[in-house]
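Here's the structure, in structure tokens; my notes come after.
The values are calculated or read from the model by the stated rules, or taken from the named source; none is laboratory data. Because the structure is a prediction, the values reported are computed rather than measured. FYI the Cβ positions are ideal-geometry reconstructions off the backbone, even for glycines, and counts take in every protein chain you see. Please note that ligands, DNA and RNA were not included when accessible areas were found on the heavy atoms of the full protein model with its side chains. Shrake-Rupley method; radii C 1.70, N 1.55, O 1.52, S 1.80 Å.
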Amino acid sequence: MSGYKVLISEQQIQKRIAELGAEISQKLKSSSDKPLVVIGVLKGSFIFLADLVRKISTPLEIDFVEASSYGAGTTSSGEVKLTRDIKIPIAGRDVILVEDIVDTGHTISFLTQHLAAHKPRSISVASLLFKPARQIKEVKIDFLGFTIDDYFVIGYGLDLNNKFREIKEVVIYEPSK
Ligand code: IMP
């Protein structure tokens, strides 16, 4: 049997998201004719994004991109492919790219470059988690939830082969021995 160990509780996550929402609202004030664009990276960010946007008090629109960097299992292939692009125009607008976790940095680095080609006014990165031990690409995370040690984590949107996203906390995945 595989086990779970809670790394970040539901309460800790919600407290931090409220802080991040307030910070974003203050730093990226938008007007209703040029709302902020919040772009979630599917699928892992969907729960974080849902909670985060409800703590942001400035007008915004939501879109999603999907990128694949991992095959089955827990190691990065290093190669990132865009499998879903944005559908709303971002030229001249402030954009926040929302990720569940920055691990090697390949995905965020690829996606920020891709979005920059659409000429937004600014691009910021919000990530719930950051695992510095495995970083390969230098990325700037403007709004970070938590820095974690080198564990494979699941829950709160994060998966292992598409499972466990619905767990309410961020938990350490411990495969059976
Ligand atoms: P990066 O491109 O290596 O930074 O990886 C980013 C993506 O890898 C994330 O969006 C996740 O989908 C996945 N990933 C990295 N570490 C973990 C983890 O500990 N648990 C679940 N998914 C992870």
| Whole-Å distance, taken between Cα centres, linking the stretch 142-177 and the stretch 38-54 | 15
| Relative contact order (%) - the chain, alpha-carbon pairs under 8 angstrom, separation at least six | 26
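Viscosity 1.306 mPa s, temperature 10 °C: Stokes-Einstein D of the stretch 61-177 from its Kirkwood Cα radius, in µm² per second? Before the final figure, lay out the partial values.
Values: Rh = 15.1 Å.
The Stokes-Einstein estimate is 105 µm²/s.
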| Distance from the stretch 86-115 to the stretch 1-30 (C-alpha centre basis), Å | 19
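May I ask you to list the GluC sites (Glu not before Pro) in the stretch 117-177 that are in a DSSP loop and have at most 12 other Cβ atoms within 10 Å of their Cβ?
Working: sites: 138, 166, 169; in loops: 138, 166, 169.
Answer in residue order: 138, 166.
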| remark: To the nearest Å², the heavy-atom accessible area per residue of the chain with 1.4 Å probe amounts to 51
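When only the heavy atoms of the protein chains count and the probe is 1.4 Å, how do 136, 101 rank by accessible area, highest first?
Largest accessible area first, the list is 136, 101.
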| Where 4, 173, 156, 151 fall by accessible area, highest first, once all protein chains stay in place (1.4 Å) | 4, 151, 173, 156
| request: At 1.4 Å probe size, with no ligands or nucleic acids counted, give the accessible surface of residue 6 in Å², nearest ten. | output: 80
| Pick from 96, 88, 39: which is most flexible by mean-square fluctuation in a GNM of the chain where alpha carbon atoms under 10 Å apart are linked? | 88
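Roughly to the nearest percent, how much of the accessible area of the chain is carbon and sulfur, given a 1.4 Å probe? Could the numbers behind the result be given before it?
Values: 4660 of 9050 Å².
The nonpolar share, carbon plus sulfur, comes to 51 percent.
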| said: Give the aspartates and glutamates reachable from residue 27 as a straight Cα distance under 15 Å; neighbours fewer than 8 places away on the same chain don't count. | reply: 19, 94, 142
| task | Return a single number: how many Lys pairs in the stretch 36-177, at a sequence separation of 8 or more or on separate chains, have alpha-carbon atoms below 19 angstrom apart. | result | 10
| query | Which order, highest average first, do 107-113, 129-135 follow once you tally other Cβ atoms within 10 Å for each residue and take the mean per peptide? | reply | 107-113, 129-135
| Extension reserve of the residue 149-residue 137 stretch, reckoned as 0.36 nm per residue once the Cα distance is removed | 2.6 nm
| note | With only helices counted (DSSP H, runs n ≥ 4, each -39500 (n - 2.57)), the per-residue ellipticity at 222 nm for the chain, to the nearest 500, works out to -6500 deg cm²/dmol
